[in-house]
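J.: Below is one structure. I have some questions about it.
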Amino acid sequence: MPSGVCGANEADYHVRRAVPGRDFAVHRTGDFRNAREGDRCPRCGQGELRLGRGIEVGHVFKLGTKYSEALGAAYLDAEGRERPLLMGCYGIGVSRLLAAIVEQRHDDKGIVWPAAIAPYRAHIVPVSARDETQKRVAEALYEELARLGIEALLDDRDERAGVKFNDADLIGIPYRIVVGKQAGEGLVEYTVRADGEKRLLTVQDVIARIREAAAAT
Ligand SMILES: [Zn+2]
């Protein structure tokens, strides 16, 4: 740099035509700004830097010969010379993966699990835990789904319906079955968590729908 502009330890005041070595000693060099969209490659001056957001769900590390040298892990090359192994390691963080999925699949009420990785497929909510008919229908539904190999969560807590619905939204199980006043007529409310659409269906129709969805994922 034959002639530079540098700070003068005072706001909005700069020293112009400064020559390093003549006007000041250089003690340390470094990067003076952050990378920006559109920057060229610092090595070859080609290309254009594009910025994007990402979620780190795993790692790839090149370990080189650090550990193989320390532990004496070697191989013989074509000339019969002993060489240290080049090592790498790779890993996907399972808990990070779950956090990343939730970050992508949620709404303001809570999680919206994709069916393929949901902890349960169906969430059965009897509106009143004290209503004998609702209790009987909910439990029969639970048993039938279990018999078909479909895991369901049965909310048999003695809580207000609103509390149970909010918790169901928060937990985000893909299919919700609300067993309410019409349970005695064999009708229950079926909701898909992803779109919130509610349908009043017969118990057999709900089971058929959940089986169909399970077969597709
Ligand atoms: Zn380059």
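The values are calculated or read from the model by the stated rules, or taken from the named source; none is laboratory data. Computed from a predicted model, the values in this text were never measured in an experiment. For neighbour counting, all protein chains shown are included, and Cβ atoms are generated from backbone atoms with ideal geometry for every residue, glycine included. In case anyone asks, the SASA skips ligands and DNA or RNA and just uses the protein heavy atoms, side chains included. Shrake-Rupley method; radii C 1.70, N 1.55, O 1.52, S 1.80 Å.
J.: Could you check the range 49-67 and list, in sequence order, the residues that are surrounded by 10 or more Cβ atoms within 10 Å (Cβ to Cβ), more than 16 Å from the ligand (Cβ to nearest atom) and either at positive phi or of a type in the set (A, V, I, L, M, F, W, C) (or both)?
T.: Residues of the range 49-67 surrounded by 10 or more Cβ atoms within 10 Å (Cβ to Cβ): 49, 55, 57-59, 61, 63-67.
Now drop any that are not more than 16 Å from the ligand (Cβ to nearest atom), which leaves 55, 57-59, 61, 63-67.
Ile55, Val57, Phe61, Leu63, Gly64, listed by residue number.
J.: Within the range 76-99, is there a residue that is in contact (Cβ under 8 Å) with a residue 60 or more places away in the chain and basic (Lys, Arg)? Please lay out each step first, then the result.
T.: Kept after step one, since they are in contact (Cβ under 8 Å) with a residue 60 or more places away in the chain, are these residues of the range 76-99: none.
The answer is no; no qualifying residue exists.
Condition check ((1) part of a strand (DSSP E or B); (2) over 30 Å from Gln104 (Cα atoms); (3) not assigned by TED's automatic domain parsing to the domain that holds Gly88) across all residues:
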{"position": "Cys6", "(1), (2), (3)": "yes, yes, yes"}
{"position": "Arg16", "(1), (2), (3)": "yes, yes, yes"}
{"position": "Val26", "(1), (2), (3)": "no, yes, yes"}
{"position": "Ala35", "(1), (2), (3)": "no, no, yes"}
{"position": "Asp39", "(1), (2), (3)": "no, no, yes"}
{"position": "Gly45", "(1), (2), (3)": "no, yes, yes"}
{"position": "Arg50", "(1), (2), (3)": "no, no, yes"}
{"position": "Glu69", "(1), (2), (3)": "no, yes, no"}
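J.: Of the conditions (1) over 30 Å from Arg193 (Cα atoms); (2) of a type in the set (Gly, Ala, Ser); (3) part of a loop (DSSP other than H, G, I, E, B), Gly54 satisfies every one except a single condition; which number is it?
T.: That leaves (1) as the condition not met.
J.: Right, something else. Inspect the range 38-48 for any residue being of a type in the set (D, E, K, R) and away from the ligand (no atom under 16 Å from the Cβ) and give the result as yes or no.
T.: Going through the range 38-48, the residues of a type in the set (D, E, K, R) turn out to be 39-40, 43, 48.
Applying the additional criterion that residues be away from the ligand (no atom under 16 Å from the Cβ) yields none.
No: zero hits.
J.: In this structure, does Ala122 turn out to be touching a residue at least 24 places away in the same chain (Cβ under 8 Å) and either assigned by TED's automatic domain parsing to the domain that holds Asp205 or touching a helix residue (DSSP H, G or I) at 6+ places or on another chain (Cβ under 9 Å) (or both)? Give the steps one after another, and end with the answer.
T.: Numbers: touching a residue at least 24 places away in the same chain (Cβ under 8 Å): yes; either assigned by TED's automatic domain parsing to the domain that holds Asp205 or touching a helix residue (DSSP H, G or I) at 6+ places or on another chain (Cβ under 9 Å) (or both): yes.
Here the answer is yes, as Ala122 does meet what is asked.
J.: Further question: For the range 1-36, how many residues meet the condition of being open to solvent by 100 Å² or more (accessible area, probe 1.4 Å), more than 28 Å from Leu49 (Cα to Cα) and not hydroxyl-bearing (Ser, Thr, Tyr)?
T.: 9
J.: Right, here's the next one. Just the residues that are assigned to a strand (DSSP E or B) and among the hydroxyl-bearing types (Ser, Thr, Tyr), please, taken from the range 75-128.
T.: Here is the first cut: in the range 75-128, the residues assigned to a strand (DSSP E or B) are 75-76, 82-84, 87-92, 106-107, 110-111, 122-126.
The answer is Tyr75, Tyr90.
J.: Quick one: which of Asp77, Asp131, Asp107 is out of contact with any strand residue (DSSP E or B) (no Cβ under 8 Å at 6 or more places or on another chain) and surrounded by fewer than 15 Cβ atoms within 10 Å (Cβ to Cβ)?
T.: Numbers: Asp77 fails: out of contact with any strand residue (DSSP E or B) (no Cβ under 8 Å at 6 or more places or on another chain); Asp131 fails: surrounded by fewer than 15 Cβ atoms within 10 Å (Cβ to Cβ).
Of Asp77, Asp131, Asp107, the one residue that is out of contact with any strand residue (DSSP E or B) (no Cβ under 8 Å at 6 or more places or on another chain) and surrounded by fewer than 15 Cβ atoms within 10 Å (Cβ to Cβ) is Asp107.
J.: Is it true that Val94 is closer than 30 Å to Arg147 by Cα, away from the ligand (no atom under 16 Å from the Cβ) and open to solvent by less than 80 Å² (accessible area, probe 1.4 Å)?
T.: On the way: closer than 30 Å to Arg147 by Cα: yes; away from the ligand (no atom under 16 Å from the Cβ): yes; open to solvent by less than 80 Å² (accessible area, probe 1.4 Å): no.
Here the answer is no, as Val94 does not meet what is asked.
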